[in-house]
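The structure appears right after this line, and notes come after that.
The values are calculated or read from the model by the stated rules, or taken from the named source; none is laboratory data. Just so you know, these numbers come straight off a predicted model, no measurement behind them. Every residue, glycine among them, receives a Cβ derived from its backbone with ideal geometry; neighbour counts consider all protein chains shown. Keep in mind that these areas ignore ligands, DNA and RNA; they rest on the heavy atoms of the full protein, side chains included. Shrake-Rupley method; radii C 1.70, N 1.55, O 1.52, S 1.80 Å.
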Amino acid sequence: MTIHPALVPGHIAVVTGAANGIGLAAAKRFAALGLKVCLADLPGEALDAATAEITAAAPGGATDVLTVATDVGDLAAVEALKAAVYARFGAVHVLMNNAGVGKGGGAFANMDGWKRVLGVNLWGVINGVQTFTADMIAQGAPGLIINTGSKQGITTPPGDTAYNVSKAGVKVLTEGLQHELRNTDGCQITAHLLVPGFTYTGMTGRAEKPDAAWTADQVVDEMLRGIEAGQFYIICPDNDVTSETDRKRIQWAAEDVIQNRPPLSRWHPDYKDAFAAFMAADE
Ligand SMILES: NC(=O)c1ccc[n+]([C@@H]2O[C@H](COP(=O)([O-])OP(=O)(O)OC[C@H]3O[C@@H](n4cnc5c(N)ncnc54)[C@H](O)[C@@H]3O)[C@@H](O)[C@H]2O)c1
């Protein structure tokens with residue numbers, strides 16, 4: 001059964017951050033579904049290994065796989081990526097803006113980290129959306145733009161404020177994009193915000209999968225389930241955090257604004273008991 005009319009054999013998917021983790025798992029799944037896949041990531045051994053792995057998974061082998069070394073933070077490089085994929089395959093039906101990095105920094109620390117994280121996580125997605133969307137609409141065929149966000153862009157925990165800002169930006173950009181797409185006559189492209197939970201990838205920085213983490217394949221399963229169900233927000237649980245817990249944490253964060261509580265009250269000692277009671281209460 002077809003998951004979505006964009007995800008059919010012969011169609012074309014572009015995945016950024018495709019050399020590792022969630023991007024690699026998604027690219028492999030798209031290839032297994034019969035799509036031609038364009039892998040975009042920084043040049044290096046990981047991208048070469050991913051190319052070999054996806055080529056093995058693609059029914060058509062090397063003819064159905066294109067690899068373009070790309071720094072998504074560089075608009076000219078993303079434009080060159082588009083030129084390469086249209087030259088080779090002639091269309092793009094799925095764009096997954098997924099490349100991401102962590103370790104940005106606190107609100108008044110690590111300026112270099114802020115520039116790096118916003119450059120990849122937010123400008124990388126802006127560059128992808130600006131470069132590909134109009135041509136995807138003009139194709140007049142069903143298509144998907146999937147941007148990878150994070151729960152940290154929604155509940156904004158203390159620690160890596162730069163990362164939170166980048167992912168909050170991805171959420172807002174993707175929401176605005178979907179609004180514009182659904183108000184564009186004849187447009188068959190939809191945007192989706194993929195929000196992984198704790199996922200065992202290169203970003204996890206550990207030799208072994210923590211019990212709490214999902215695998216990248218589980219995230220891709222959830223992504224495809226959400227796309228099939230027509231969801232915009234595809235919020236993945238993990239082995240520690242249920243969907244119910246996510247819903248409550250998101251509600252609590254939104255209610256900081258509504259109730260004019262201090263920001264990040266979830267981590268404020270004066271609100272510790274109230275937050276615990278809220279989480280423990282039945283819906
Ligand atoms: N792993 C998690 O727990 C988790 C949770 C929430 C969101 N995410 C998000 O999922 C996405 C994928 O991350 P992952 O966990 O698979 O990590 P990962 O490190 O395994 O993969 C990220 C990929 O992005 C690539 N990349 C980095 N900078 C780039 C650039 N400038 N241009 C092109 N590619 C670049 C890396 O080389 C790498 O291959 C990221 O956006 C991340 O923020 C991950």
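How do the pairs read when you match residues in segment 33-44 that are in contact (Cβ under 8 Å) with a residue 60 or more places away in the chain with residues anywhere that are in a loop (DSSP other than H, G, I, E, B) and polar (S, T, N, Q), using Cβ under 7 Å and keeping only pairs 6 or more apart or on different chains? Between residues of segment 33-44 that are in contact (Cβ under 8 Å) with a residue 60 or more places away in the chain and residues that are in a loop (DSSP other than H, G, I, E, B) and polar (S, T, N, Q), there is no close pair. Within segment 198-213, residues that are in the same structural domain as residue 25 (by TED's automatic domain parsing) have Cβ atoms under 8 Å from residues that are surrounded by fewer than 15 Cβ atoms within 10 Å (Cβ to Cβ) and of a type in the set (Gly, Ala, Ser) in these pairs: 198/212, counting only partners at least 6 apart in sequence or on another chain. So how many residues does segment 225-253 have that are among the hydroxyl-bearing types (Ser, Thr, Tyr) and open to solvent by 60 Å² or more (accessible area, probe 1.4 Å)? Selection size over segment 225-253: 2.
With respect to (1) more than 8 Å from the ligand (Cβ to nearest atom); (2) in contact (Cβ under 8 Å) with a residue 12 or more places away in the chain, the lone exception for residue 183 is condition (2). Collect the residues in segment 70-91 that are away from the ligand (no atom under 16 Å from the Cβ) and touching a Cys at 6+ places or on another chain (Cβ under 8 Å), keeping them in residue-number order. Once the filter is applied, which keeps residues that are away from the ligand (no atom under 16 Å from the Cβ) and touching a Cys at 6+ places or on another chain (Cβ under 8 Å), segment 70-91 yields 88, 89. When you check residue 194 against the structure, is it of a type outside the set (Val, Ile, Thr), assigned to a strand (DSSP E or B) and either open to solvent by less than 40 Å² (accessible area, probe 1.4 Å) or out of contact with any strand residue (DSSP E or B) (no Cβ under 9 Å at 6 or more places or on another chain) (or both), yes or no? For residue 194, the condition - of a type outside the set (Val, Ile, Thr), assigned to a strand (DSSP E or B) and either open to solvent by less than 40 Å² (accessible area, probe 1.4 Å) or out of contact with any strand residue (DSSP E or B) (no Cβ under 9 Å at 6 or more places or on another chain) (or both) - is met. For segment 120-137, filtered to residues that are more than 14 Å from the chain's Cα centre (by Cα) and of a type in the set (A, V, I, L, M), the residue that is surrounded by the fewest Cβ atoms within 10 Å (Cβ to Cβ) is 134. Does residue 222 satisfy being open to solvent by 60 Å² or more (accessible area, probe 1.4 Å) and either assigned to a helix (DSSP H, G or I) or not assigned by TED's automatic domain parsing to the domain that holds residue 267 (or both)? Here the answer is no, as residue 222 does not meet what is asked. Within segment 30-69, count every residue that is closer than 21 Å to residue 82 by Cα and either crowded, with 23+ Cβ neighbours inside 10 Å or within 14 Å of the ligand (Cβ to nearest atom) (or both). Result for segment 30-69: 21. Every condition in (1) open to solvent by less than 30 Å² (accessible area, probe 1.4 Å); (2) away from the ligand (no atom under 11 Å from the Cβ); (3) in contact (Cβ under 8 Å) with a residue 60 or more places away in the chain is met by residue 177 except one, and the failing one is (3).
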